[in-house]
1. Arranged by the count of other C-beta atoms within 10 angstrom, fewest first, what order do 38, 65 take?
2. Using only the alpha-carbon atoms, how far is helix 50-67 inclined from the longest principal axis of the chain? Give it as 0 to 90 degrees, nearest 10.
3. Quick check on the exposure proxy: order 104, 8 from fewest to most C-beta atoms within 10 angstrom.
4. Of the residues 41, 88, 75, which exhibits the maximal mean-square fluctuation in a Gaussian network model of the chain defined by a 10 Å Cα contact cut-off?
5. For the chain, find the longest principal axis of its Cα atoms and tell me its angle to the long axis of helix 20-30, 0 to 90°, nearest 10.
6. Find how much the distance from residue 86 to residue 39 grows on full extension, using 0.36 nm per residue of separation minus their present alpha carbon separation; answer in nm with one decimal.
7. Just to be sure I understand, if you calculate mean projected area of the Cα convex hull in nm² for this structure, which of (i) 9.7; (ii) 10.2; (iii) 16.2 do you get?
8. Given springs between every Cα pair under 10 Å in a Gaussian network model of the chain, which of 43, 108, 79 has the largest fluctuation?
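Bear in mind that the values in this text are calculations on the coordinates, not laboratory data. All figures in this text were calculated on a predicted structure; none of them were measured in a lab. Reconstructed Cβ throughout: ideal geometry from the backbone, glycine too, with neighbour counts over all protein chains shown.
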């Protein structure tokens, strides 16, 4: 009996200064697309964070080609998600000497690429 396995690589972006909801609207659009199509989609999106996501996609593809020897034209985005991280805390001066906290959100993004070609393993 032969087992079919897909080869996966990933890129992880930490401390990205964008809120998770803004990052998820970008990631939801590129999930399950090919490598080339995702780069085109990200290039023409009107969001500031799309450039950061495109850097992660390029980094994951570079990991696949250098570490595993995969062809970039056979890659697609199999998994992508964004998680909450910590907040940058700043304080705004308010009346009577008080300080009002301002929370600036930070997120972590993970992008996993898989190859379209399935590798067959013998038992």
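1. Lowest to highest Cβ neighbour count: 65, 38.
2. The angle comes out at about 30 degrees.
3. The most exposed by this proxy come first: 104, 8.
4. With Cα springs under 10 Å in the chain, the top fluctuation among 41, 88, 75 is at 88.
5. With both axes taken from Cα atoms, the answer is about 20 degrees.
6. 14.1 nm
7. Step by step, mean projected area of the Cα convex hull in nm² for this structure corresponds to label (i).
8. 43
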